[in-house]
1. Any chance you could run the full-extension gain for A18 through R47? It's 0.36 nm times the residue separation minus the Cα-Cα distance, nm to one decimal.
2. Distances over 17 Å make up what percent of all Cα-Cα pairs in the chain?
3. Per-residue ellipticity at 222 nm for the chain, helices alone: DSSP H runs ≥ 4 residues times -39500 (n - 2.57), over residue total, nearest 500 deg cm²/dmol?
4. Pick out, from L9, G81, L67, the residue whose Cα sits farthest towards the positive end of the charge dipole of the chain, with +1 on the Cβ of Lys and Arg and -1 on the Cβ of Asp and Glu.
5. Ranking L30, L67 by Cβ neighbours within 10 Å, fewest first, what do you get?
6. What ranking of Y55, Y7 emerges when the number of other C-beta atoms within 10 Å of each C-beta is taken as an exposure proxy, fewest first?
Amino acid sequence: MSELIAYFLALNGRTGEAREFRQRFDMMALQRNLKALGTFGYQTTARRNPVYIQYIPRTLRYVRKNLDQLPQFGKMRELLGTLVEEFR
């Protein structure tokens, strides 16, 4: 992923912004993956559509990876760890 980000920034002449861009990218990925988990849970339980169950474990891994890269969200990870085994 780092290579793709570097390539994107180079194409746009913004190579000096890699660290800030990566942090924003990781925060956006965290937000989008948390939203996806909510959607998967809703579709599975409220709409009784089990097709989304298969995506939950992978998305949980993505969220954990995002949280590992964003120490400012340590409290969130701690809270999620009390509710979700994958975050302990």
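1. Values: separation 29, 0.36 × 29 = 10.44 nm, distance 4.11 nm.
Length difference between fully extended and current span is 6.3 nm.
2. Across the chain, Cα pairs with separations above 17 Å total 56 percent.
3. When only DSSP H runs of four or more count, the value is -23000 deg cm²/dmol.
4. G81
5. L30, L67
6. On the way: Y55 15, Y7 10.
Final ranking by Cβ density, sparse to dense: Y7, Y55.
Bear in mind that the values in this text are calculations on the coordinates, not laboratory data. Predicted model, so just to flag it, every value in this text is computed and none were measured. Every residue, glycine among them, receives a Cβ derived from its backbone with ideal geometry; neighbour counts consider all protein chains shown.
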